[in-house]
Each structure stands twice: as structure tokens, then as C-alpha cells.
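Following: one structure in C-alpha cells, then a few remarks.
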Amino acid sequence: MLCIDNKTETARLGLAISKKHCRAATSRNKIKRIVRESFRQHQAALAGLDIVVINQAAASMGSNRQLFDSLAGHWQRSDRPENKAIAQDEE
């Protein structure tokens, strides 16, 4: 997952779910649906960030609950104030 400050009040999501790591289209679509839903649930805490989610091979083998739990941890790490400060310093 990559994130950077976007200087707005809204969070934006980008998805890079590659065929290289997840061959079946149905699995790629499942991952995208889960990421979008998890993002929607955490969007208020992520205000002001542009986030790009990049999949790994293990994502296609995980259950829905495992993916939601993993994403929840990523969202919490990305909305920390020190992460936002680092993103601002890089500009």
C-alpha cells in the first residue's frame, strides 16, 4: 500500500491488482470488491490521503475475513499523524 497527502478533505483510492499475482479474474474482482468496501468503512479516518493498494500473491488465497483484517491494519498505519507528516515533508 502506498499513501501520500492529497491536500483535500477527501480520501481517494487507487487499485493495482495485477494479473501476475492473481491469475483468475474472479479472484482479482473479489480482492477489488473487498478493498473498496473496507476503504468505504474507513474513509473518514483516511481523509486527506491518496492511497494505492497493490496486491501480493497471498491475497488471492486469503479468506474475506483475512483480507478485511489485513486491510484494517494497513488503514490504521496509514492514518497515523506521523505518516501524514512524513508525506508532507516529501513534497
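Take every DSSP beta bridge whose two residues both sit in segment 2-89, then give the antiparallel share in percent to the nearest 5. Of the beta bridges lying entirely in segment 2-89, close to 45 percent run antiparallel. The label-point distance for LEU13 and ALA25, in a model that sets each label 7 Å from Cα toward Cβ, rounds to 2.2 nm.
Summing charges over neighbours of ILE17, with a neighbour being any other residue whose Cβ is under 9 Å away from its Cβ, gives +3 when K and R count +1 and D and E count -1. Residues in segment 16-33 carry Karplus couplings, in order, of 10, 9, 8, 5, 4, 8, 8, 5, 6, 4, 5, 5, 4, 5, 4, 4, 4, 4 Hz; the curve used is 6.51 cos²θ - 1.76 cosθ + 1.60 with θ = phi - 60°, and Gly or Pro positions show x. Here the contact order of segment 4-73, divided by its residue count and restricted to Cα pairs under 8 Å and six or more residues apart, works out to 49 percent. The C-alpha atoms of the chain define a longest principal axis, and helix 64-78 lies at about 20 degrees to it.
The simple Förster model, with R0 at 30 Å and r as the Cβ-Cβ distance, assigns GLN66 and ASN6 a FRET efficiency of 0.55. Charged side chains reduced to their Cβ positions (Lys and Arg at +1, Asp and Glu at -1) give the chain a dipole of some 780 debye around its Cα centre. Once backbone amide H atoms are built at 1.01 Å from N, LEU49 has ASN6, ALA11, ARG12 as its partners under 5 Å, excluding neighbours fewer than 5 places away on the same chain.
All of the numbers you see were taken from the coordinates with simple rules; none came from a lab. The shown structure was predicted, so the numbers you read here are calculated from the model rather than taken from an experiment. Note that we place each Cβ from the backbone using ideal geometry, even for glycine, and neighbour counts take in every protein chain shown.
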